[in-house]
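Following: one structure in structure tokens, then a few remarks.
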Amino acid sequence: MPISAKTKICLIIGDPIEHSLSPLIHNAAYKALGIEEKFVFVAARVKIENLAFVVKAVRVMGIRGLTCTMPHKVKIVKYLDKIDEIAKEIGAVNTVVNENGKLKGYNTDWIGAKEAIKKVTKIRGKKVGIIGAGGAARAIAFAMKKEGAQIKIFNRDLKEAKKLAKKYECSFGSFENLDELKDFDIIINATPLGMGPYKNISPVKKEIFSEKHVVLDSVYIPFKTKMLKEAEEKGAKIIPGIEMLLYQAVPQFTLYTKRKPPIEAMRKAVEEFFKNEKEI
Ligand code: NAP
């Protein structure tokens, strides 16, 4: 059956957006379940000053799901009717479900980070350095705290690092303190450094990494960022950002479709994509 007037729309918004693999993952999942006539997942570049118009459009057009990526995850909160308790605690929403015109916000990024890391290492009791203090970092900090890690937040804007650190009763520092990561167990980049115009930048110096580290980069295009390549060369265990994206898409898929996600099909879609990846 082709897409019809009954097909429900799910939409991801961000700025930039062209790199997003969410449409690929969700559409592959619809296809695997044979529900591609019921749902379609598309993307739109939306500037932050236009966010309120988009939220209105979601309501009036009956768009089923709204996924938010950088820079909308924090600002979207004030436009919604209800916020799930965890998203409220995190202070950022990446998943909005439209139930008959009422918009409820959720956060699935924290699940993405937690599951991606737990596949590789235990989190409890580990020293975790989080680089960034925006939407992704907030979700990651929540997940790491919940799992019993000892956290430190490193951010360019020290005020933002301090705010986040206060919330989770942890320490904080600026980019000048990043060499401290040498003594940490898990290092997570939650900034856009490594993608787009920052493709050739790693927030952490190569000599800081060693075999003791597990390193997650939230950036997923390219598959292996400069930071991940250098960490791997120094013997660290690396977790590409696509793992976090996949594991956050799993609960998000269920929120939008009320169906069990076909995880293998979702993973296969991204594996195919990266097999054919040219320079992005
Ligand atoms: P955000 O809310 O806009 O926060 C951006 C963060 O990055 C802030 O801490 C900001 O620091 C920092 N930053 C921005 N530009 C920087 C630069 N040039 N140098 C140093 N720091 C810089 O964005 P977000 O939603 O947290 O997203 C951050 C990254 O995570 C993006 O690349 C996004 O694609 C990725 N992400 C991936 C997943 C996944 O599933 N893999 C999920 C969520 C996000 P200041 O406070 O100093 O401005």
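The values are calculated or read from the model by the stated rules, or taken from the named source; none is laboratory data. All values derive from a computational prediction rather than experimental measurement. No Cβ is skipped: glycine too gets one built from the backbone with ideal geometry, and neighbour counts run over all protein chains shown.
For this structure, a couple of remarks:
- Taken over region 154-163, the criterion of being more than 9 Å from the ligand (Cβ to nearest atom) and either hydrophobic (A, V, I, L, M, F, W, C) or part of a loop (DSSP other than H, G, I, E, B) (or both) is satisfied by F154 alone.
- Within region 112-126, not a single residue is crowded, with 16+ Cβ neighbours inside 10 Å, under 17 Å from the mean Cα position of the chain (by Cα) and in a strand (DSSP E or B).
- Count of region 97-106 residues which are assigned to a strand (DSSP E or B) and more than 15 Å from the ligand (Cβ to nearest atom): 6
- Annotation: V204 fulfils all but one of (1) β-branched (V, I, T); (2) touching a helix residue (DSSP H, G or I) at 6+ places or on another chain (Cβ under 8 Å); (3) away from the ligand (no atom under 13 Å from the Cβ); the unmet one is (3).
A quick yes/no check of all residues on (1) more than 14 Å from the ligand (Cβ to nearest atom); (2) at pLDDT 95 or above; (3) closer than 28 Å to A143 by Cα; (4) assigned by TED's automatic domain parsing to the domain that holds V270:
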site	(1), (2), (3), (4)
E18	no, no, yes, yes
K31	yes, yes, no, yes
A52	yes, yes, no, yes
I63	yes, yes, no, yes
A116	no, yes, yes, no
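- Counting the residues of region 175-200 that are near the ligand (Cβ under 9 Å from one of its atoms) and either surrounded by 22 or more Cβ atoms within 10 Å (Cβ to Cβ) or not in a helix (DSSP H, G or I) (or both) gives 7.
- Going through (1) within 13 Å of the ligand (Cβ to nearest atom); (2) farther than 24 Å from G14 by Cα one by one, S171 falls short only on (1).
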